[in-house]
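The block underneath contains the structure these notes are about, expressed in structure tokens.
The values are calculated or read from the model by the stated rules, or taken from the named source; none is laboratory data. Given the structure is predicted, the values throughout are model-derived calculations rather than measurements. Using ideal geometry, Cβ is built from the backbone for each residue, glycine included, and neighbour counts are taken over all protein chains shown. Each accessible area value is taken on the protein alone, full model and side chains, heavy atoms only, with ligands, DNA and RNA left out. Shrake-Rupley method; radii C 1.70, N 1.55, O 1.52, S 1.80 Å.
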Amino acid sequence: MRFAHTTIAVAGTHSTGKSSFLKEVEARLNAHGLRVGRVVDTASRARDAGFPILRDHVYESTLWIMAEGLRQEMEAALRSDIVLVDRPPLDAFGYFLAALEASGREPDGVRREELKLIALAHQSQYHWFAATILDESVPIGPDRDDDEAFRRLAGETIGKLVRANIARARWLTMTNAASLADEVIEVALQRHQIR
């Protein structure tokens, strides 16, 4: 079996436009006749399973979120031309580091390194990657965590990880979302030889 899908990933703190951006991209890709799979809402699923998230992230919840996201990616790849990932493993690792900093907890060095290796090793699988930039004038979405300080810290931590580890990352904002969506569509159409 050959997996010839294209994987697009977007990371960033909550309520910064990741899901809205990916919904727009999905609609446009579907209009071109491409089969699109999604990785969505791994953190909420972790919370619903009983894992602590956000400020309370621990090794186990972070590992679960990474594993669930990777499982969804591979399952989507079985039936899709394009896989859209809302919160790749690097995002979960950023939330973990932010939670440690916010709570003053010290991580087990081996476990922290394990999570980092998973996040960075899988990063090479993405054909296009963006991270959001927090615009604090945009309100947090309904039914979302309203801890502005943690939201900011998570965004800053994810941003530092992206800058340090992903040379060709794009930076998604509310003002450049349309042009970046055009870029994603172009990448997908080229990879799947559609005009």
Shape descriptors of the stretch 112-195 over alpha-carbon atoms, Rg and Dmax in angstrom, are 15.5, 45
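With Kirkwood's inverse mean 1/r over C-alpha pairs for Rh, give me the Rg to Rh ratio of the stretch 128-177, two decimals please.
Checking Rg against Rh, the ratio lands at 0.99.
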Taking a probe of 1.4 Å, how large is the accessible area per residue of the stretch 9-130, in Å²? 43 Å²
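Once you wrap a convex hull around the alpha carbon atoms of the stretch 34-90, what is its projected area averaged over all directions, in nm²? Don't skip to the end; give the middle numbers.
Details: hull surface 15.0 nm².
Result: a mean projected hull area of 3.8 nm².
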Show which aspartates and glutamates lie in cross-link reach of Lys23 when reach means a straight Cα distance below 18 angstrom and same-chain residues fewer than eight apart are skipped. Asp41, Glu73, Asp81, Asp86, Asp182, Glu183, Glu186
The stretch 79-182: trypsin sites (Lys or Arg not before Pro) in DSSP loop, at most 16 other beta carbons within 10 Å: Arg79, Arg105, Arg144, Arg168
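How much of the accessible area of the stretch 62-195, in percent, comes from carbon and sulfur atoms when a 1.4 Å probe is used?
51 percent
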Could you give each residue of the stretch 103-110 its phi-based ³J(HN,Hα) in whole Hz, using Karplus coefficients 6.51, -1.76, 1.60 with θ = phi - 60°, and x for Gly or Pro? 9, x, 7, 9, x, 5, x, 5
In a Debye calculation with equal point scatterers on the alpha-carbon sites of the chain and no solvent, what is log10 I(q)/I(0) at q = 0.10, 0.11, 0.17, 0.20 Å⁻¹? -0.39, -0.47, -1.13, -1.52
Gyration tensor verdict on the stretch 73-161 (Cα atoms; rounded if a/c is under 1.5, prolate if a/b is larger than b/c, oblate otherwise): oblate
At a Förster radius of 30 Å, what calculated FRET efficiency corresponds to the Cβ-Cβ distance of Arg111 and Leu78, to the nearest 0.05? 0.45
